[in-house]
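Q: One structure, pasted below without further comment.
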Amino acid sequence: MMRDAYDVVVIGAGPAGCTSASLIAQAGFSTLLVERDKFPRFHVGESLMPECYWPLERMGLVERMKHSKFVKKRSVQFVTNNGKESDPFYFVEHDPRECSTTWQVERADFDKLLFDRAGELGADCVDATRVQDVLLDDSETACGVRLKLADGSMREVRSRVVVDGSGQQSLLANKLGLRQEISHLKKAAIWGYWKNAIRDEGDNGGATIILHTIQKDSWFWFIPLSDGITSIGCVGDNDYLLKRDGDVEQIYAQEIDICPGLLPRMTGAQRVGKLHVAKEYSYWTKQHAGQGWVLIGDAFGFIDPIYSSGVYFAMVSGEKAADAVVEGLRTDNLSAQQLGKWCTEFKNGAGWIRKLVDAFYTKEFSFGGFMRSNPAFKGNLTDLLIGRIFYDGAGDIFNEMGPAIDKAKEQAINI
Ligand SMILES: Cc1cc2nc3c(=O)[nH]c(=O)nc-3n(C[C@H](O)[C@H](O)[C@H](O)COP(=O)(O)OP(=O)(O)OC[C@H]3O[C@@H](n4cnc5c(N)ncnc54)[C@H](O)[C@@H]3O)c2cc1C
């Protein structure tokens, strides 16, 4: 059912690509969404940020999310390297609206929901089809894609715009040499799924819990999913985690053993399935849009999973890019400036989260200590943790908080 030409081709049906394709198709432009894998497909990145609510609402998916099997996430909690648990941070205490409840999602199901929604909103959606290349004309304007179809045959599809949501594969950024590694965030993750890991009762039962190991050389995520399954993952420097004696099973078990906050939650828990590994996944791009093309989601850049910001950034960048593409198609302006008009604000927002990531990895720094000496910033810090980043005046507020975080980091290091 694929046509020979579309207004827009979107590469990759993760949260970024599905959001973009949905909103562009909804605006009435012919859209092709192409996914390499066959749906449903496994993916890491299960914990959403509360502010995912707004793109989900725009796509008409909030009611379906509310009635889904996904575990409701109402809080986050941090556990120190000696096992001391912070009070849970309940999002509703910051904002009483229903957008303060979010979800822990099995990505196979969540991404399928988004993919199907893009179809309902008018996009042509194909899976098991790989974009082999983005076609650029003599003036480096994107003009379509070359596809490898499920039966192995090749096909070209023309388009006025190509939106790259290909995730960590970052197809266009690799082709054009735009990828920049973030050298100090060369992290790796090992994770698995567990039955009967111990959760809290009540509203904190769906919390994402972040737990440090004894020497703070690594940390664990504890993400409760549906059917009593919990995703438990360990993150540390790539060299620390993966370049030492022992196989992945042994290293993962050793890290659990030195995580005092996690051990009691794993009494009687049984692993389901194999372990998964991701390495050196943080990077950035030095250009985010060109004539007829734009990058979104992980294809634009990825910082670190600590604050569960990946899916949120994917959906927001997908949404902002879609608005720019729709405006560009309506005004016949498909320049880099038009398609990337949202990128500066987006980069600034991601930059503030990146500041928090750097603070987290400064072993001596503690958010508790920062809050105690800077109570005026509590609300702003919370805004960042729920993803409330893109609003009028946010820049001024966060620019004020940045130096306070830097100062607190310096003081902590010098004690
Ligand atoms: C260890 C780890 C833990 C994480 N935990 C969290 C978390 O708890 N919460 C959170 O929000 N985020 C988390 N993330 C980040 C999250 O996984 C990503 O940020 C998010 O999936 C990005 O969405 P996306 O749509 O940009 O890319 P993806 O979700 O990766 O989707 C890209 C899609 O493009 C497809 N594709 C790739 N190449 C092609 C091609 N050539 N042709 C066609 N299709 C193609 C892929 O198959 C894929 O389906 C984590 C990341 C890591 C590494």
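Q: Looking at region 214-241 only, could you name the residues that are in contact with a helix residue (DSSP H, G or I) (Cβ under 6 Å, 6 or more places away or on another chain) and either hydroxyl-bearing (S, T, Y) or surrounded by fewer than 16 Cβ atoms within 10 Å (Cβ to Cβ) (or both)? Full working, then the answer.
A: Initial filter on region 214-241 (in contact with a helix residue (DSSP H, G or I) (Cβ under 6 Å, 6 or more places away or on another chain)): 217-218, 224, 234.
Hits for region 214-241 are D217, S218.
Q: With respect to S47, determine if the residue is among the hydroxyl-bearing types (S, T, Y), within 16 Å of the ligand (Cβ to nearest atom) and farther than 30 Å from D164 by Cα.
A: Working: among the hydroxyl-bearing types (S, T, Y): yes; within 16 Å of the ligand (Cβ to nearest atom): yes; farther than 30 Å from D164 by Cα: no.
So S47 does not fit the description; no.
Q: What number of residues in region 353-372 are touching a helix residue (DSSP H, G or I) at 6+ places or on another chain (Cβ under 9 Å), at pLDDT below 85, surrounded by fewer than 19 Cβ atoms within 10 Å (Cβ to Cβ) and in a helix (DSSP H, G or I)?
A: Counting residues in region 353-372 that are touching a helix residue (DSSP H, G or I) at 6+ places or on another chain (Cβ under 9 Å), at pLDDT below 85, surrounded by fewer than 19 Cβ atoms within 10 Å (Cβ to Cβ) and in a helix (DSSP H, G or I) gives 3.
Residue by residue, here is whether (1) assigned by TED's automatic domain parsing to the domain that holds D138; (2) more than 11 Å from the ligand (Cβ to nearest atom); (3) of a type in the set (K, R) holds:
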| residue | (1), (2), (3) |
| --- | --- |
| H288 | yes, yes, no |
| F302 | yes, no, no |
| P305 | yes, no, no |
| G310 | yes, no, no |
| V325 | yes, yes, no |
| R330 | yes, yes, yes |
| L334 | yes, yes, no |
| Q337 | yes, yes, no |
| G351 | no, yes, no |
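Q: If you don't mind, there's one more thing I want to ask. Any residue in region 99-111 that is under 23 Å from G12 (Cα atoms), surrounded by fewer than 17 Cβ atoms within 10 Å (Cβ to Cβ) and either among the β-branched types (V, I, T) or touching a strand residue (DSSP E or B) at 6+ places or on another chain (Cβ under 9 Å) (or both)? Explain how you work it out, then say what you get.
A: Taking region 99-111 and keeping what is under 23 Å from G12 (Cα atoms), we get 103-111.
If we keep only those that are surrounded by fewer than 17 Cβ atoms within 10 Å (Cβ to Cβ) as well, we get 108-109.
Subsequent filtering for residues that are either among the β-branched types (V, I, T) or touching a strand residue (DSSP E or B) at 6+ places or on another chain (Cβ under 9 Å) (or both) retains none.
Looking through region 99-111, none of the residues is under 23 Å from G12 (Cα atoms), surrounded by fewer than 17 Cβ atoms within 10 Å (Cβ to Cβ) and either among the β-branched types (V, I, T) or touching a strand residue (DSSP E or B) at 6+ places or on another chain (Cβ under 9 Å) (or both).
Q: Testing G192 on (1) over 21 Å from H43 (Cα atoms); (2) among the small types (G, A, S); (3) surrounded by fewer than 20 Cβ atoms within 10 Å (Cβ to Cβ), one condition comes back false. Which one is that?
A: The number of the failed condition is (1).
Q: Sort through V71, V10, V62 and tell me the only one that's of a type in the set (A, V, I, L, M), within 12 Å of the ligand (Cβ to nearest atom) and at pLDDT 95 or above.
A: Numbers: V71 fails: within 12 Å of the ligand (Cβ to nearest atom); V62 fails: within 12 Å of the ligand (Cβ to nearest atom).
Of the residues listed, the single one that is of a type in the set (A, V, I, L, M), within 12 Å of the ligand (Cβ to nearest atom) and at pLDDT 95 or above is V10.
Q: Here is a follow-up. Between residues in region 115-130 that are closer than 17 Å to E319 by Cβ and residues that are assigned to a helix (DSSP H, G or I) and β-branched (V, I, T), which pairs lie under 8 Å by C-beta distance while being six or more apart or on different chains?
A: Hits for this filter: A123/I24.
Q: Please work out which one of (1) in a loop (DSSP other than H, G, I, E, B); (2) at positive phi is the condition G261 fails and give its number.
A: For G261, the failing item is (2).
Q: Look through region 218-241, keep the residues that are hydroxyl-bearing (S, T, Y) and in a strand (DSSP E or B), and return whichever of them is farthest from V357 (Cα to Cα). Steps first, please.
A: Pass one, region 218-241, residues hydroxyl-bearing (S, T, Y): 218, 226, 230-231, 240.
Next, from what is left, pick out any that are in a strand (DSSP E or B): 218, 230-231.
Numbers: S218: 13, T230: 24, S231: 21 Å.
Here the residue is T230.
Q: With the requirement that a residue be over 24 Å from E57 (Cβ atoms) and near the ligand (Cβ under 10 Å from one of its atoms), what does region 13-37 give you?
A: The initial filter retains those residues of region 13-37 that are over 24 Å from E57 (Cβ atoms), namely 30, 32, 34, 36-37.
Answer for region 13-37, where residues must be over 24 Å from E57 (Cβ atoms) and near the ligand (Cβ under 10 Å from one of its atoms): V34, R36, D37.
Q: Would you pick out the residues in region 175-185 that are over 14 Å from L136 (Cβ atoms) and loosely packed, with under 14 Cβ neighbours inside 10 Å?
A: Taking region 175-185 first, the residues over 14 Å from L136 (Cβ atoms) are 179-185.
Selection gives Q180, E181, S183, H184.
Q: So, K279, is that one within 16 Å of the ligand (Cβ to nearest atom), among the basic types (K, R), under 24 Å from the mean Cα position of the chain (by Cα) and at pLDDT below 95 or not?
A: Numbers: within 16 Å of the ligand (Cβ to nearest atom): yes; among the basic types (K, R): yes; under 24 Å from the mean Cα position of the chain (by Cα): yes; at pLDDT below 95: yes.
When the stated conditions are applied, K279 passes them.
Q: Does region 304-341 hold any residues that are assigned to a loop (DSSP other than H, G, I, E, B) and in contact with a Ser or Thr (Cβ under 6 Å, 6 or more places away or on another chain), and which are they? First the steps, then the outcome.
A: Start the filter on region 304-341 by keeping residues that are assigned to a loop (DSSP other than H, G, I, E, B), which leaves 304-309, 332-335, 340-341.
Matches in region 304-341: D304, S308.
The values are calculated or read from the model by the stated rules, or taken from the named source; none is laboratory data. Only a predicted model underlies this, so the values are computations on that prediction, with no experimental measurement involved. Don't worry about glycine lacking a Cβ; one is built from the backbone with ideal geometry, like all the others, and counts go over all protein chains shown.
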